[in-house]
Amino acid sequence: MAHVEIFDPAMCCSTGVCGTDVDPALSRFAADVAWLSGRGVEVDRATLAQEPTKFVANDAVRQALEADGTSALPMVLVDGTVKAKGAYPTRQDLATWTGFERTALPLSEVVAAQAPAEACWGGSGCC
């Protein structure tokens with residue numbers, strides 16, 4: 001199973017999802033991390049303001065901070081390899097990197113399952 005390490009910039013808490021003015025990107029990423037954890041992936045998340053020693057202890061993160069400053073954050077490592085730097089990845093990125101390909105049920109199957117047989121709906125040719 002993959003091990004994901006997330007190194008966040010200084011935030012008010014471990015997810016940054018608090019207060020009255022929440023960044024939507026942080027909300028989305030918090031949901032993506034919960035989705036990944038729910039599949040059994042080990043996820044460790046550290047915030048610069050609260051756990052600076054973790055940033056110094058990781059060679060890749062320390063070197064990125066020395067070269068680029070805090071613009072290198074957030075950083076995401078999977079099994080020790082840097083996968084994202086300076087931006088939060090998408091859920092699809094996380095899924096791919098950890099071996100969880102997302103499979104979506106085609107919308108047409110969902111619509112067909114919910115529509116009565118004689119209903120007029122997109123693709124039926126009646127409207």
Reported to the nearest 10 Å², Leu26 has, with a 1.4 Å probe, an accessible area equal to 20
Label-point separation in nm, Thr90 to Asp44, each point 7 Å along Cα→Cβ: 2.9
At what distance in nm do the modelled label points of Glu101 and Ser71 sit from each other, each positioned 7 Å from its Cα along Cα→Cβ? 3.7
Met1 versus Ala25: modelled label distance in nm, points set 7 Å from Cα along the beta carbon direction: 2.9
Taking the full set of protein chains and a 1.4 angstrom probe, give the accessible area of Val33 in square angstrom, rounded to the nearest 10. 20
Using θ = phi - 60° and the Karplus curve 6.51 cos²θ - 1.76 cosθ + 1.60, what whole-Hz ³J(HN,Hα) does each residue of the range 40-47 get, with Gly and Pro shown as x? x, 6, 6, 10, 10, 10, 10, 10
Not counting ligands, DNA or RNA, and with a 1.4 Å probe, what is Arg28's accessible surface area in Å² rounded to the nearest 10? 90
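The values are calculated or read from the model by the stated rules, or taken from the named source; none is laboratory data. These figures come from a predicted structure and were not determined experimentally. Ideal geometry is used to build each Cβ from the backbone, glycine not excepted, and the neighbour counts take in all protein chains shown. Accessible surface is based on the protein model in full, side chains and every heavy atom, while ligands, DNA and RNA are left aside. Shrake-Rupley method; radii C 1.70, N 1.55, O 1.52, S 1.80 Å.
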